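Worksheet: the structure to be examined is printed underneath.
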Amino acid sequence: MMGQANHFRRYSKEKIQYAIDRYTNEANRLTRVLDARLAAARDTAGSEYSIADIACFPWMRGAEQRGVNLEEYPNVKRWFDAINARPGVQRALKVLAEAQAANAAPHNDKSWDIMFGKVQFQKR
């Protein structure tokens, strides 16, 4: 749902309000579920950092781009800030930022077709 919200809010050339609203609402609903879970536990799977946290964390990065305001979800915000402060996470985010900077060319018609058009569905 977060990926769909991201797609329709940021990448879709055609702005379809129904899709934007649908997936933004779902992103917020799921964040409410996560917030309720994190009210009862330090981390998503219980009391220690796990693969569940590793899987969920990237979807909370840039949450505002998916229409989610982390300030409205105090337990998610606490959890996000704790994970974001981990030295290993900081090292990984630095590598990601460097890779993104190295490949910062703007999209053109070919890259859009590869990402969202007919190329992605071609048999390979």
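Among the residues of the range 60-83, none is identified as assigned to a helix (DSSP H, G or I), without any contact (Cβ under 8 Å) to a residue 24 or more places away in the chain and polar (S, T, N, Q). Please indicate, with yes or no, whether at least one residue in the range 103-122 is under 27 Å from N28 (Cβ atoms), free of Cβ contacts under 8 Å to residues at least 40 places away in the same chain and part of a helix (DSSP H, G or I). Scanning the range 103-122, I find no residue that is under 27 Å from N28 (Cβ atoms), free of Cβ contacts under 8 Å to residues at least 40 places away in the same chain and part of a helix (DSSP H, G or I), so the answer is no. Just one of the listed residues (A19, A36, A55) is among the aliphatic types (A, V, I, L, M), within 25 Å of Q90 (Cα to Cα) and not in a loop (DSSP other than H, G, I, E, B), namely A55.
Only residues that are open to solvent by 40 Å² or more (accessible area, probe 1.4 Å) and under 30 Å from Q17 (Cα atoms) were counted across the range 51-74, and they come to 11. Filtering the range 1-16 to residues that are among the basic types (K, R), outside any helix (DSSP H, G or I) and under 24 Å from N84 (Cβ atoms) leaves nothing.
The values are calculated or read from the model by the stated rules, or taken from the named source; none is laboratory data. Remember, predicted model here, so these are calculated numbers, not experimental data. Here the Cβ is made from the backbone with ideal geometry for all residues, glycine too, and neighbour counts use every protein chain on show. Quick note on the areas: whole protein, heavy atoms, side chains included, nothing else; ligands and nucleic acids left out. Shrake-Rupley method; radii C 1.70, N 1.55, O 1.52, S 1.80 Å.
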